[in-house]
Amino acid sequence: FGARGFPGARSVCERTVPRYGAMSALPRCALLLALLRASRGAPRTPENAERNVNFETRHIPHKYYGEWPGHTYHPSPKDWRALSIYQLLTDRFADGDPTNNEAVASGYDVRDMTYRHGGDFAGLTQKLSYIKGLGCQAIWISPVFQNGDNMYHQYAMHDFTLLDRRLGTLEELRTLTTRAHELGMYVIIDVVMNHMDNEFIFEGHPDSVAPFRWHEDDGKREYKLIPRRPESEMFDTPAGKQPYMDFWYNNTWDPDAQYHGRVYGQWGESVWDEGHGTYSGSDFHHNGDLIDYTNPWEITMGKIYGSMDDLRLESRRVQDKYIAMTKALISSADIDGFRVDTPMQVPLEFFKAWAPAVREHARTLGKDRFGIFGEFFVEAERFATMTGRGKTPDMY
């Protein structure tokens, strides 16, 4: 694994001099960081409008919304199970616009399998007839929102409304979905809600594993979050200076707070929080790294790979933000379905709020069977907690 948990996820400054000649590493790093920072705004502004699926100009994330004036939305298929679906990583598929290959940060090099290769919405649109000719009726593409550095896989989001500069504009995404629909195809986007990028360290562990902590068990309080960036590189938000525009950390300890809802272990067993004390005002978990995948709390609250900031999805405040943002994506780009990443690390209480809200919103657009599916690499008993088909009533 690379610097942020995936192969090739290298620092923005790594290998700069050999690849870019005489330009010194330090000025180039400063330039790239400035470009990256400028790419992360979520409230709609004239500067980000061409890539923003959100049309709300106020900085109120739970009120974000999408629109496509004058557009007639594509209806859902009668049965998703009858379709052949073509999965692809957009960056690895077809480069239709070489001018956007290094629009944010370094990392483009088709000679290196760990670097970005330039695929984008424009290139994929040009290849839809080819995919249709293979007998496929739908495409499932990798996440679309802004990632940092060399995140070719797109699973380390900085934002959930702003399209990655290296993939294309909102208009290009709309062209992709429109062309797919003209061919009788459907577009599924991979969505991530469990985590974002790697903007925080756990206090006391800048370069080491942070063992999982729960409330104040064994006399060790959950960690404070320390931003990796200096304040000068952070955003001005309603919650002060923050490394993410729309999700905010808060190091205020709440001694009476609990984690809401039940979570499940690998055998489908349910557990409830009986302790007290956490950073309930934070949009992120402060518990440490995910190491023990058999611990029901750790798999839900821990930082996956030790490199992706874990969202506090059991919080209604965070749920409302994410629900608004995914609705915006459907409305602004006529998306037909979502594939959910890492659902086993997400508390079920989140899905009980998010999935019905998303499907109800899609129905208002004429999508009566909006597709939602996810990955399950678990025992059957754990799987049952997500599908509602348990062996006993207390399993779901």
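Laid out as a table, the results:
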{"item": "Residue check, E349 part of a helix (DSSP H, G or I), farther than 19 Å from W140 by Cα and at pLDDT 85 or above", "result": "yes"}
{"item": "Subset of segment 322-346 (residues that are assigned to a helix (DSSP H, G or I) and at pLDDT below 95)", "result": "P343, M344, Q345"}
{"item": "Number of the exception - A384 against (1) open to solvent by less than 10 Å² (accessible area, probe 1.4 Å); (2) under 26 Å from V144 (Cβ atoms)", "result": "(2)"}
{"item": "Selected residue [charged (D, E, K, R) and on the phi > 0 side of the Ramachandran plot] from D197, D190, D218", "result": "D218"}
{"item": "Any hit, segment 192-207, residues being within 23 Å of Q345 (Cβ to Cβ), acidic (D, E) and not in a loop (DSSP other than H, G, I, E, B)", "result": "no"}
{"item": "Matching residues, segment 261-288, being modelled with pLDDT of 95 or more and polar (S, T, N, Q)", "result": "T278, S280, S282, N287"}
{"item": "Some residue of segment 313-321 being in contact with a Ser or Thr (Cβ under 7 Å, 6 or more places away or on another chain) and either outside any loop (DSSP other than H, G, I, E, B) or farther than 24 Å from H74 by Cβ (or both)", "result": "no"}
{"item": "Sole exception among (1) of a type in the set (G, A, S); (2) open to solvent by less than 50 Å² (accessible area, probe 1.4 Å); (3) modelled with pLDDT under 95 for G219, by number", "result": "(2)"}
{"item": "Members of segment 222-248 found to be in contact with a Lys or Arg (Cβ under 9 Å, 6 or more places away or on another chain), part of a loop (DSSP other than H, G, I, E, B) and surrounded by 17 or more Cβ atoms within 10 Å (Cβ to Cβ), listed by number", "result": "E222, Y223, M234, P243, Y244, M245, D246, F247"}
{"item": "Considering residues of segment 249-260 that are open to solvent by 30 Å² or more (accessible area, probe 1.4 Å), of a type outside the set (F, W, Y) and not in a strand (DSSP E or B) only, the residue modelled with the lowest pLDDT", "result": "H260"}
{"item": "From the options T342, T364, residue that is crowded, with 17+ Cβ neighbours inside 10 Å, closer than 30 Å to G184 by Cα and out of contact with any Cys (no Cβ under 7 Å at 6 or more places or on another chain)", "result": "T342"}
{"item": "Of all residues making up segment 289-312, the number that are part of a loop (DSSP other than H, G, I, E, B) and either more than 17 Å from P227 (Cβ to Cβ) or open to solvent by 20 Å² or more (accessible area, probe 1.4 Å) (or both)", "result": "7"}
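The values are calculated or read from the model by the stated rules, or taken from the named source; none is laboratory data. No experiment lies behind these values; they were computed from the predicted model shown. So basically every Cβ, Gly included, is an ideal-geometry build from the backbone, and we count neighbours across all protein chains shown. Only protein heavy atoms, including side chains, enter the accessible area calculation; ligands, DNA and RNA are left aside. Shrake-Rupley method; radii C 1.70, N 1.55, O 1.52, S 1.80 Å.
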